[in-house]
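Student: Handing you a structure now.
The values are calculated or read from the model by the stated rules, or taken from the named source; none is laboratory data. Note that the structure is predicted; figures quoted are calculated from it, not measured. Positions of Cβ are generated from backbone atoms using ideal geometry, with glycine treated the same way; all protein chains shown enter the neighbour counts.
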Amino acid sequence: MHKLVILLILVLGSTQLSAQSDKKLIRKGNKDFENSEYQQAEKNYSKALETNPSSNNAAFNLGASRYVQENFEEAAKDFDKAASMSIKTEKEAEALYNLGNSLMSLEKYQESIEAYKQVLRLQPENENARYNLAYAQWKLKEQQDQQQEQNQDQQQDQNQDQQQEQQEQNQDQQEQNQDQQQDEQQNQQQADADQQQQQGQQPQPQQLTKEDAERMLQALQNNEKKTMDKVNEQKVKSAARISKDKDW
């Protein structure tokens, strides 16, 4: 949806040897670029920039060759360098525009917005920059919404994990309590059984039933009757002797 304007600058010859060298390499690079030989164009532009590190044209065209090869990270560096070395407003705006496009391709929307704003400060009538600025702002909002949604999902997942962990801890604690209660019950049952066993081994007093009590009572009565009979018998005998004596 966003637009990219690739500007290749054709330079004229110069009387300086170093200038002739870097400009010759730039012209070779331009020819390679026009023939879609972007890797070879990149090599020539890179050599030109090594020959003349202050060459705005070499930096700009090097960025363009890297951009079409989708090496957006390096292209952004080249365009930023070209913008900083530009003397003319038009050249600076062109470099900043392509810098914004490179940053847009890297999904660095906030940085691309700043680049397009700089273009519009230099060229308020630049409709392409205005359009790309609006698009970058829309993409930034979309990115922020997605990030917020991801954060909410992560927070929700984290809360669910914490709840599940807490439930597992509660379940483990409940199982431990149940095991402890079972152990205590088993220990108490064993203690009761041991106590009953000990009590079973000790001599227990014989329980007196009703029939036993009646028999004992009957026996006592019989014994008492026998005793009374003997006493009465003695009395009778004594009385008889006394009576006999009186007869004498």
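Student: For region 134-152, give me each residue that is in contact with a Phe, Trp or Tyr (Cβ under 8 Å, 6 or more places away or on another chain) and among the aromatic types (Phe, Trp, Tyr). Spell out the reasoning first.
Tutor: Here is the first cut: in region 134-152, the residues in contact with a Phe, Trp or Tyr (Cβ under 8 Å, 6 or more places away or on another chain) are 136-137, 139-140, 143.
None; the set is empty.
Student: Might you check whether a residue that is at pLDDT below 95, of a type in the set (Lys, Arg), on the phi < 0 side of the Ramachandran plot and assigned to a loop (DSSP other than H, G, I, E, B) occurs anywhere in region 24-45?
Tutor: Looking for residues that are at pLDDT below 95, of a type in the set (Lys, Arg), on the phi < 0 side of the Ramachandran plot and assigned to a loop (DSSP other than H, G, I, E, B), one finds none in region 24-45, hence no.
Listed here are the residues, each with its yes/no results for (1) of a type in the set (Ser, Thr, Tyr); (2) crowded, with 24+ Cβ neighbours inside 10 Å; (3) closer than 20 Å to Ser84 by Cβ.
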residue	(1), (2), (3)
Lys23	no, no, no
Lys31	no, no, no
Asn35	no, no, no
Tyr38	yes, no, no
Glu50	no, no, yes
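Student: Still on this structure: Tell me, please, whether a residue that is polar (S, T, N, Q), over 30 Å from Ser21 (Cβ atoms) and in a helix (DSSP H, G or I) can be found in region 119-135.
Tutor: Yes, that holds for at least one residue.
Student: Please list, ordered by first then second residue, the pairs with beta carbon atoms under 9 Å, 6 or more apart or interchain, first in region 67-91 and at positive phi, second part of a helix (DSSP H, G or I) and not acidic (Asp, Glu).
Tutor: Sorted first by the residue in region 67-91, then by its partner, the pairs are Glu70/Ser105.
Student: So Gln162 ticks every box in (1) at pLDDT below 80; (2) surrounded by 10 or more Cβ atoms within 10 Å (Cβ to Cβ) but one. Which box is left unticked?
Tutor: (1)
Student: Tell me whether region 102-109 contains one or more residues that are touching a residue at least 40 places away in the same chain (Cβ under 8 Å) and part of a helix (DSSP H, G or I).
Tutor: Step one: list which residues in region 102-109 are touching a residue at least 40 places away in the same chain (Cβ under 8 Å), which gives 104.
From what is left, the residues that are part of a helix (DSSP H, G or I) are 104.
Within region 102-109 (the criterion being touching a residue at least 40 places away in the same chain (Cβ under 8 Å) and part of a helix (DSSP H, G or I)), the answer is yes, since at least one residue qualifies.
Student: On to the next question. I need a count of the residues in region 190-248 that are outside any loop (DSSP other than H, G, I, E, B), at pLDDT 60 or above and of a type in the set (A, V, I, L, M).
Tutor: Result for region 190-248: 8.
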